[in-house]
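The values are calculated or read from the model by the stated rules, or taken from the named source; none is laboratory data. Bear in mind the structure is a predicted one, so any value in this text is a computation, not a measurement. Cβ placement follows ideal geometry from the backbone for every residue including glycine, while neighbour counts extend to all protein chains displayed. Each accessible area value is taken on the protein alone, full model and side chains, heavy atoms only, with ligands, DNA and RNA left out. Shrake-Rupley method; radii C 1.70, N 1.55, O 1.52, S 1.80 Å.
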Amino acid sequence: MYGFLIAIGSLLLLSIIWMVYRIQTLVSVVKGSDKKIASSSNKINALMFIVFLVGAGGLMFWYSIKEFDNYQLPIASEHGEVTDQLFWITMAVTGFIFIVTHILLFWFPYKYQWKEGRKASFYPDNNKLEVIWTIVPAIVLTVLVIGGWRAWSDITAPAPENSHVVEILGYQFAWEVRYPGMDNTLGEHDYRLTSASNVSGVDFTDKNSLDDFMSPVVVIPKGEPVLFKIRARDVLHSVFAPHMRLKMDAVPGMPTRFWFTPTKTTEEMRRETGNEEFVYEIACTEICGRGHNAMRKEIRVVEPDEFRKWVSEQKPYIVNNPSLVENLPAELKELAEITISEHK
Ligand SMILES: [Cu+2]
């Protein structure tokens, strides 16, 4: 409702400004002053360039400095150091160019505003200048792109053999987290198997599924590689863990992945930030519908020993959902029943 009123208000304001301008023009026609080459608004327009440069530029700097801590969340993963370094190098180079070009862009219209008797100089081309402003950016961009490409290929390279696998499934509007259990191999999945009791569409005819377990939080060990296997059930989502400098789209029908090594436990981060309530989190960064903002998941980074203990205490999914294995072939059913009885 407020948005609608603001829109109507802005429209009325614009019409008033337009009317004032029309009246001024008509008055100057009556007075005969419209025959002048440049009116007094020439000076005002020129000055507005400087006002805009200082005003908008000032606001931009004020905001960037005020929110700086939000750009610089403490890093909690190994590759985070590299990506942050790349980010700040790119920021320095592009920021410098941005500032210089914008000062020139706004200063020139002011400095060279129309003046009686001043003639513009004619300067058709300068080959040397063309060569310089083509080659210098080409070299700088090549260095930046190669740096980024190397970091990207490190991140997206196959995960180490000993990685802890975690499946993150996004759907409207939550994340489902599945662990492979003791065998560290996730069971197969098929979206057609999705049901109220099998939210991740796990295929229990695959024996690797029998010890898979679900968890309301993502628990991972510090200092050991972790592989997120990411998928989506309905629309595009995106897994974003800002402290880990981790961001990967969750795409229906196209599994993605991201491996990383956490470097600080949640406890350590609590001490570092002085915030007793600190938790790492995953947020969805793909506007995926009305409940998008509800897609939050906690990540708990713990010491490796604590992680192993936690894994051993988890119950396979089938323990509390025995109906899922009722129709399995005899051999698998027997295995499933053994798994269930072991965890009862
Ligand atoms: Cu989402």
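Brief remarks on what is shown
- For the set 247/333; 229/264; 128/247; 66/297, the pairs lying more than 32 angstrom apart at their alpha carbons are 247/333; 128/247.
- Residue-count net charge about residue 180 - beta-carbon cut-off 13 Å; Lys, Arg +1, Asp, Glu -1: -3
- Cα-centred dipole magnitude for the chain, charges only on beta-carbon of K, R (+1) and D, E (-1), debye, nearest 20: 2900
- Each residue was assigned an accessible area with a 1.4 Å probe, and for residue 71 the value is about 110 Å².
- Split the accessible area of the range 164-343 by element, probe 1.4 Å, and carbon with sulfur accounts for 50%.
- Placing +1 on the Cβ of every Lys and Arg and -1 on the Cβ of every Asp and Glu, with nothing else charged, gives the range 192-306 a dipole about its Cα centre of roughly 500 debye.
- For the range 54-65, backbone phi angles converted through the Karplus equation (6.51, -1.76, 1.60; θ = phi - 60°) give residue-by-residue couplings of 6, x, 5, x, x, 4, 4, 5, 4, 5, 4, 6 Hz, Gly and Pro being listed as x.
- Among 261, 180, 319 the positive-end extreme of the charge dipole of the range 164-343 (Cβ point charges): 261
- Applied to the range 321-329, the Karplus parametrisation 6.51 cos²θ - 1.76 cosθ + 1.60 on θ = phi - 60° returns per-residue 3J(HN,Hα) values of 10, x, 5, 5, 10, 4, 9, 6, x Hz, with x for Gly and Pro.
- Selection from 122, 90, 133 lying farthest towards where the dipole of the chain points positive, charges on Cβ: 122
- Each part gets one Cα centre, and for the range 214-267 versus the range 286-306 those centres are 9 Å apart.
- Residue of 111, 264, 247 that the Gaussian network model of the chain assigns the largest fluctuation, springs spanning Cα pairs under 10 Å: 111
- A crude spin-label estimate for the pair residue 344 and residue 60, with each label 7 Å from Cα along the Cβ direction, gives 6.8 nm.
- Computed over the alpha-carbon atoms, the range 164-343 gives an Rg to Rh ratio of 0.98, Rh here being the Kirkwood radius from the mean inverse distance.
- Rounded to 5, percent antiparallel among DSSP beta bridges of the chain: 70
- Accessible surface, per residue, of the chain when the full set of protein chains is kept, probe 1.4 Å, Å²: 66
- Taking the chain and dividing mean pair separation by its residue count, relative contact order in percent (alpha carbons under 8 Å, at least six apart): 16
- Residue 275-residue 235 pseudo-label distance in nm [points 7 Å out on the Cα-to-Cβ vector]: 2.8
- Taking packing as the residue-averaged number of other Cβ atoms within 10 angstrom, the listed peptides 53-66, 226-239 run from highest to lowest as 226-239, 53-66.
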